[in-house]
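Accompanying notes for the structure given below.
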Amino acid sequence: MGICNGELISQISNPDSPLDIEEFRRQGHMIIDFLADYYQNIEKYPVRSQVDPGYLKSRLADSAPYHPESIETILNDVENDILPGITHWQSPTHFALFPCSMSIPGFLGEVLSTGFGTVGFNWMSSPAATELENVVMDWFGKMLNLPSSFLFSGGGGGVLQGTTCEAMVATLTAARDQMLRKIGKANIGKLVVYASDQTHFSVQKAAQIAGINSNNFRVIETTKSTNFGLSSDSLHSAINADIDAGLVPLFLCATVGTTVATAVDPLRSICGLAKQHEIWVHVDAAYAGSACICPEFQHFLDGIDGANSFSLNAHKWFFTTLDCCCLWVQDPNALIKALSTKPDYLKNQATDSNRVVDYKDWQIALSRRFRALKLWLVLRSYGIVNLQKFIRNHVKMAKHFEGLIAKNNNFEVVIPRNFSVVCFRLSPFALTGNQKIMSSEEDLNEINRKLLESINSSGRVYMTHGMIGGVYTIRFAVGASLTDYRHVELAWKAIQEHADTLLNDLCV
Ligand code: PLP
């Protein structure tokens with residue numbers, strides 16, 4: 001007798017239970033309808049939340065209700081009190097930071113896995129959760145054309161972490177312990193970690209957590225001459241200086257698609273250099289890694305075979321909900337040696353047989369969600385062909401925006417575009433060429449800062465900024481699932497209008 005049998009359901013339906021099945025069905029439908037309406041109306045909301053700090057406290061009760069409240073009442077409060085404090089990441093005019101691209105299978109896969117409520121920390125605790133993760137990580141790795149040494153089928157393997165920060169802590173810890181086994185634990189103070197000035201701060205955080213001496217965190221300067229990618233010559237000098245000082249080079253974080261400029265570090269040369277010194281290389285492709293499912297972007301991964309680990313966030317630009325960081329390693333044993341614990345209460349035959357993966361030994365936490373399900377749904381529902389189409393469409397829209405900038409002398413592209421992010425600013429010409437004012441780089445930075453704030457305050461469009469080589473840069477990041485050319489045009493119109501107002505104000 002199946003669970004779908006009406007008689008059985010009515011028997012286990014129990015209004016006093018936290019999981020009354022008929023209520024589950026009714027409220028579940030309501031929430032989906034609520035979200036469908038939200039997406040239908042999303043363009044009506046200001047993209048960046050307009051509330052002031054502390055706005056919510058005065059709207060809500062001082063303490064939790066003693067008696068239950070209906071879902072209808074609660075959803076009403078979501079609409080009136082919570083929505084104003086939400087920045088609408090799924091809005092088609094959200095061009096800030098990096099995308100967090102939603103999709104139907106990404107969302108429903110999340111619902112499905114949460115609905116099963118499994119806690120798949122080891123194989124035995126939910127075999128499908130582990131085995132599906134093994135399968136999708138190999139599928140995805142093949143789509144990216146990763147060397148087979150990163151796949152389970154080739155002796156490596158992949159794991160779904162929550163975020164890149166977690167992946168970074170896991171790999172840095174593995175690298176640290178591998179090195180300390182060789183040079184002795186007492187030498188931990190000699191270990192050195194390398195990054196560029198464009199590398200995401202997650203590696204610095206990981207170094208702090210892993211007990212790396214804060215004086216031994218090297219930030220290597222990048223310049224316009226390499227489009228803000230790491231220069232292997234600069235890296236070489238830094239490594240040599242450390243060796244001369246009696247220190248031990250340990251870990252290098254290279255990036256494909258840096259956070260501000262989406263710059264790409266030259267993997268082949270820096271991995272070659274790292275190999276000579278037995279430095280663990282982690283390649284962080286949190287945003288841009290997804291583009292590498294398209295053959296025309298795979299050259300950015302040339303040399304990845306020389307890296308020890310590689311990660312990307314499927315929750316950024318791969319239509320899978322937060323959180324879903326995909327991490328591949330060439331040597332799973334290095335991770336396992338650093339992160340494994342074997343409490344007696346989890347002892348089981350499958351683990352003892354050594355024929356299964358116990359993912360608790362590949363990550364920081366014990367408990368873990370069934371994230372593979374949503375990635376599997378995304379991969380199957382769209383197929384490689386449509387996923388490539390989505391990515392290419394975003395890139396084409398970014399290219400279109402870049403073309404609009406190029407045609408207007410008041411603006412300039414600050415650094416060549418690699419993926420779907422355009423870095424631009426009001427140009428020096430907008431001020432001096434129009435004889436408005438003479439301006440220094442600092443003036444120009446300040447004016448661009450004002451321009452961005454004025455656009456974002458309007459709520460029509462949301463973009464964010466970054467400093468690249470001392471230049472205040474506005475970033476236009478395409479990647480929200482609902483974005484179309486119409487929204488790019490709308491953003492461009494808003495940018496020009498706000499710039500005209502700002503420039504006119506400067507004249508008076
Ligand atoms: N690496 C890069 C290049 C990023 O841009 C980001 C965030 O935007 C991260 C790492 C951090 O990602 P997470 O929030 O998953 O830790």
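Considering only residues in the stretch 196-247 that are within 16 Å of the ligand (Cβ to nearest atom) and open to solvent by 60 Å² or more (accessible area, probe 1.4 Å), the one that is nearest to the chain's Cα centre (by Cα) turns out to be F201.
Please verify whether the stretch 163-175 includes one or more residues that are small (G, A, S), in contact with a helix residue (DSSP H, G or I) (Cβ under 9 Å, 6 or more places away or on another chain) and open to solvent by 10 Å² or more (accessible area, probe 1.4 Å). No: the stretch 163-175 contains no residue that is small (G, A, S), in contact with a helix residue (DSSP H, G or I) (Cβ under 9 Å, 6 or more places away or on another chain) and open to solvent by 10 Å² or more (accessible area, probe 1.4 Å).
Annotation note: of I12, I3, I42, the sole residue that is surrounded by 11 or more Cβ atoms within 10 Å (Cβ to Cβ), out of contact with any helix residue (DSSP H, G or I) (no Cβ under 6 Å at 6 or more places or on another chain), modelled with pLDDT under 95 and among the aliphatic types (A, V, I, L, M) is I12.
For (1) among the polar types (S, T, N, Q); (2) closer than 30 Å to L97 by Cα, each residue gets a yes or a no:
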residue: P295; (1), (2): no, yes
residue: G303; (1), (2): no, yes
residue: G306; (1), (2): no, yes
residue: L312; (1), (2): no, yes
residue: T320; (1), (2): yes, yes
residue: C325; (1), (2): no, yes
residue: Q349; (1), (2): yes, no
residue: S353; (1), (2): yes, no
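Every residue, every condition in (1) part of a strand (DSSP E or B); (2) surrounded by fewer than 18 Cβ atoms within 10 Å (Cβ to Cβ), yes or no:
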| site | (1), (2) |
| --- | --- |
| N448 | no, no |
| E453 | no, yes |
| Y472 | yes, no |
| Q496 | no, yes |
| D500 | no, yes |
| L506 | no, yes |
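Looking at Q178, is it over 23 Å from the mean Cα position of the chain (by Cα) and crowded, with 19+ Cβ neighbours inside 10 Å?
yes
Go through the residues of the stretch 159-179 one by one and say whether even a single one is more than 16 Å from the ligand (Cβ to nearest atom) and assigned to a loop (DSSP other than H, G, I, E, B). For the stretch 159-179, residues more than 16 Å from the ligand (Cβ to nearest atom) and assigned to a loop (DSSP other than H, G, I, E, B): absent. Scanning the stretch 252-272 for residues that are open to solvent by less than 10 Å² (accessible area, probe 1.4 Å) and either within 12 Å of the ligand (Cβ to nearest atom) or among the β-branched types (V, I, T) (or both) yields C253, A254, T255, V256, G257, T258, A261, T262, A263, D265, I270.
Per-residue answers, yes or no, for (1) under 22 Å from M143 (Cα atoms); (2) more than 16 Å from the ligand (Cβ to nearest atom); (3) of a type outside the set (A, V, I, L, M, F, W, C):
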| residue | (1), (2), (3) |
| --- | --- |
| W317 | yes, no, no |
| L322 | yes, no, no |
| P332 | yes, yes, yes |
| Y345 | no, yes, yes |
| S353 | no, yes, yes |
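Among residues of the stretch 273-294 being touching a residue at least 40 places away in the same chain (Cβ under 8 Å) and part of a helix (DSSP H, G or I), the one that is farthest from the ligand (Cβ to nearest atom) is L273.
The values are calculated or read from the model by the stated rules, or taken from the named source; none is laboratory data. Computed from a prediction, not measured in an experiment: that's the story for all the values here. Note that we place each Cβ from the backbone using ideal geometry, even for glycine, and neighbour counts take in every protein chain shown. In case anyone asks, the SASA skips ligands and DNA or RNA and just uses the protein heavy atoms, side chains included. Shrake-Rupley method; radii C 1.70, N 1.55, O 1.52, S 1.80 Å.
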